1. From A:248, A:297, which residue is on the phi > 0 side of the Ramachandran plot and either within 14 Å of chain B (Cβ to nearest Cβ) or not in a loop (DSSP other than H, G, I, E, B) (or both)?
2. Return only the number of the condition from (1) in a loop (DSSP other than H, G, I, E, B); (2) modelled with pLDDT under 90; (3) within 14 Å of chain A (Cβ to nearest Cβ) that residue B:207 does not satisfy.
3. Quick one: is residue A:198 assigned to a strand (DSSP E or B) and assigned by TED's automatic domain parsing to the domain that holds residue A:506?
4. Does any residue in the stretch C:169-180 that is more than 7 Å from chain B (Cβ to nearest Cβ) and surrounded by fewer than 16 Cβ atoms within 10 Å (Cβ to Cβ) come within less than 8 Å, Cβ to Cβ, of a residue that is at pLDDT below 90 and assigned to a helix (DSSP H, G or I) six or more places away or on a different chain, and which pairs are these?
5. Within the stretch B:4-85, considering only helices (runs of 4 or more DSSP H) that don't extend past its boundaries, which have at least 2 residues that are in contact (Cβ under 8 Å) with a residue 40 or more places away in the chain, under 24 Å from residue B:156 (Cβ atoms) and within 12 Å of another protein chain (Cβ to nearest Cβ)?
6. From (1) part of a helix (DSSP H, G or I); (2) over 14 Å from the mean Cα position of the chain (by Cα); (3) more than 7 Å from every other protein chain (Cβ to nearest Cβ), pick out the condition that doesn't hold for residue D:86.
7. How many residues does the stretch C:21-52 hold that are in a helix (DSSP H, G or I) and touching a residue at least 12 places away in the same chain (Cβ under 8 Å)?
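The values are calculated or read from the model by the stated rules, or taken from the named source; none is laboratory data. Here the structure is a predicted model, which is why all the values come from computation and not from measurement. Every residue, glycine among them, receives a Cβ derived from its backbone with ideal geometry; neighbour counts consider all protein chains shown.
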């Protein structure tokens, strides 16, 4: 056995706190180590070439690279040694950067620790065995979860490339948040004019199937071969018959808050969110329906020309297979009412959210695009916008910037000027203005100059009603003066929050999410649309708050990643899987009980007995069975018990 | 042990005697057992904690020690006293080292662990809304009040047990339980100017005026408080406010315990209403009188309504009887859905027919 | 023009971290504390400006400001701070620093505090009438609360002859010991 | 200083066995954020805490570890759905068994740190190493 150890300086990232040269020299004394070297940047091209040269010239049979986290470069180096003719699993990484140099200051002690880490890696690589991947067939259908602008974009890109795409959308129509917006910044072009054609494209595309009013219930399988259970929620309307004529909606006698218009108007118990809905199908909201609540009515059923109403409909479940999953579940508006009692907590009628104002501005919205006070329908004289409501506010558990509010507030302020004319006073309370996109800063300047919007630097502490006005008590920090504005209408630039149910979906998909419910990408810079679960990708605001251009750009990026994955007919599976020593198996079947993937199967032996056998393409390599087997007859390739004990020993050796 | 001790504090001894008396009577009426902290002394609020931290905690710790000799809980109706003593309680509990430091300035060490409570906390925890409601004998439904918590009854919520700092609810619940009509308003927790009112009169005048203004805007006849300082600024200094702004406010300021006491049937004299600068007696008398008239009217309307219902019921039975005599029962199935069609649709159809 | 005092700023930050558990460096100057402050209209510096001054180490200016002395400790700022900074706690601590350092605080406030505490140290409990009287005499505007005094007297809200409470002597000792300790350590 | 006091005050040795998906990534994140941590712990990476046989923890104590920390994904967040639940069951048993084997239960900890919880990793490891240091090095390894 001939082991080579390469210690990376990573510029000064490691060498700043670890004496790389010294430990490289010391490592040469370790058993089986025949060659060591310290390198400025091991991951660079010359660095990798050096490793390959050493493998050939020094006859190395195993390699350890001491550098950064394996999550960063394990793949890189495995490929590197493979190209030099070694099995990629005869390679091990020692993480002396994230786990050592970056968390310590004292060079002698950090160096000692780095040496220990290298010793552990050498011990591990000593017991390593060559491993060879299996190949599995790939299903080329793609599931897109969420039919907002990001989901639509990914679906269209993939469908245009020839893949079969299914969009699963929780609401009864696709379109997402963008469908509710009036105009978009910084161009002030109509949101519906951009989005609705894309929605129709998706609906008519021969490679796209839309499953609206449906949710992902369960996900099994693995990359290339996901098995997904989808729940079709009972709409109480047979969508194969419904033609979206809206006759039922017109005649329905039961009123319900209009969710699409964020409560600014009333809708009916039987509901189609908006005229351009795709698919345009009715849904009965049973909690408001007279038939479901009082057992009387059935008006919709009588007026429906297509005989589509079905009060007996139940949720149905269907199972589909996919090769890849794109999560594009978007975001929700921050529920400010629960968190800001100092702004009236929703009890002051003339204090509304940004999304409500968006609906008010919209010509097909509840006020027909007329801006008026909610309390008395008069045109407002003083309109006040308050930024960072539910953003950058740790007192409400939202320390992050929602990234879209500065811009949408500027847009709404400009539109207010257009709607209300020059007499109206428009104020925007801001802390900082974040206008980093293309043309954004220019847009802010136009709001301030061309549209005469008064930007006040400071936060608003309290809103309260007085003499028919909403008193805005704020601060002009630049003047060092408190200000009070008797406002007619106050629009809160409500921040964004993760979509309802995001953690549950993440758990079903086995992907990570942060404390706020946004899904975690595999690497913030290098793998921004991948997740830690192979075959599951992210698009849009489900990953972090995003505006439309960024969501769409990311969605197309995601599509290209999915295409890259599915361009192959077969996928190599990880060879780091469990294997049973059948001669010692006692057929207790504990392994079949605990395996989350049903990888162990009962295999009949020649003598008629049954022994456990692990299906290689199904095993995900978690090792639960290994720790569970009472006779220790299962071992996990790449993480054998011996190799773990060897590492422990090395770490503890004085 | 386990007794509730009562810390009146300096204000309640004299300038806020009506708060003291009404609190004692209300606790007594509700059957809440308590004993006064023996030989209590001033808590030091607010100059002490703005002068020296150890002085402040030392003064408060002395009272905790005194309370510990007879009980393990302490109610301080005055929110300033409450806050000082609660603050000392928490710091001493959390930091044994600090307990030692404090004990160095005391004559005798404090080794106990007394839990300090606000008055609303005691009323709600030891008695509760239901118990209060049961003891109400005088109807105060026509007394429209706003609960004024001021700074210290709601903030910080981690200390006072309120769920929300901006919208505390304990006084609302107490006043509603007493049968008063509680108006929603925006100034529950805005400051009245506190004791800075003394060195800088301008502050309290402006702030207290705003509180009175908002109370009236909310449609209240009186403001309910639970703080001697708030009471002084709003009641005693209302003349100063009027003099400074040329206004003519005359808003009675009642302690929440006075409202409870009145509801329990105590007299104006027992609740020491005459001690207030703005005399609340006319308002209280008027409210009680109006309530009686209101209840009479309510009873009259109810009996009328009942009579009408009875007549309707009788007529319906009558119709049913007659119909049963005439119409075969098979047609009833067809009639039922007709009935279910809402008025609008029926109306539409009539119009169509007319057209 | 000012020069930033980085060392002083670091010391101040540490003091507030250890005494109040508040990090002045976390302040991002949104101005919410100032917006909601009921007394800020009488301040020379708004609360957010005080926070900024602390960030750059301007302790002397802060201690000399009327803002620190006129803060009413209503906790509105603390309760609404989006960075969860205990601003009122910082102001309270600054008041004690001002006392310990003998910084000239506005006469009214200093007199009020002194009269109050001396009264308490003497009688064990606050005798409001005596205190008010002495305060108004010492602050040289004896008629300040005259309108107040009359209703207080007539409404029987004043104890005319103060009595010494049972624990008064101990309170006097607490007063003297604490301040002595502060003087030695300050 | 006598030899004996030296052993009592020497830095303790702590082994941290963490899962690849959550806690290892969390520790990576702590490194990326330059969150300072104690020197005397060594990290061992396994795919999932479900892979960790409690005997491995015992082995570590036997080989001279003064403390063993196991850290995985939060309940419900396991990359393999339920590995951390199986791990929890095993380690709760181990936790109860350790004192009978002469190992103070404070020397063993099972916790969870997600990939996004860099600061939590820092506080978990710092506190744990601190507690073990308070107990001091283990002497007379009966186990």
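1. On the way: A:248 fails: on the phi > 0 side of the Ramachandran plot.
On inspection, the qualifying residue turns out to be A:297.
2. (1)
3. Values: assigned to a strand (DSSP E or B): no; assigned by TED's automatic domain parsing to the domain that holds residue A:506: yes.
No; evaluated as a whole, the condition is false for this residue.
4. The qualifying pairs are C:176/C:121.
5. Details: elements: B:9-13, B:17-29, B:53-68.
Because the criterion is at least 2 residues that are in contact (Cβ under 8 Å) with a residue 40 or more places away in the chain, under 24 Å from residue B:156 (Cβ atoms) and within 12 Å of another protein chain (Cβ to nearest Cβ), the helices (runs of 4 or more DSSP H) in the stretch B:4-85 that meet it are B:9-13, B:53-68.
6. Of everything listed in (1) part of a helix (DSSP H, G or I); (2) over 14 Å from the mean Cα position of the chain (by Cα); (3) more than 7 Å from every other protein chain (Cβ to nearest Cβ), residue D:86 misses just condition (3).
7. Taking the stretch C:21-52 as the starting set, the residues that turn out to be in a helix (DSSP H, G or I) are C:24-26, C:32-36, C:40-42, C:47-52.
Still in the list and also touching a residue at least 12 places away in the same chain (Cβ under 8 Å): C:24-26, C:32-34, C:36, C:40, C:42, C:47-52.
So the count comes out to 15.
Yes or no, residue by residue, for (1) surrounded by 24 or more Cβ atoms within 10 Å (Cβ to Cβ); (2) within 26 Å of the chain's Cα centre (by Cα); (3) not in a strand (DSSP E or B):
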{"position": "A:474", "(1), (2), (3)": "yes, no, no"}
{"position": "A:479", "(1), (2), (3)": "no, no, yes"}
{"position": "A:483", "(1), (2), (3)": "no, no, no"}
{"position": "A:491", "(1), (2), (3)": "yes, no, no"}
{"position": "A:500", "(1), (2), (3)": "no, yes, yes"}
{"position": "A:516", "(1), (2), (3)": "no, yes, yes"}
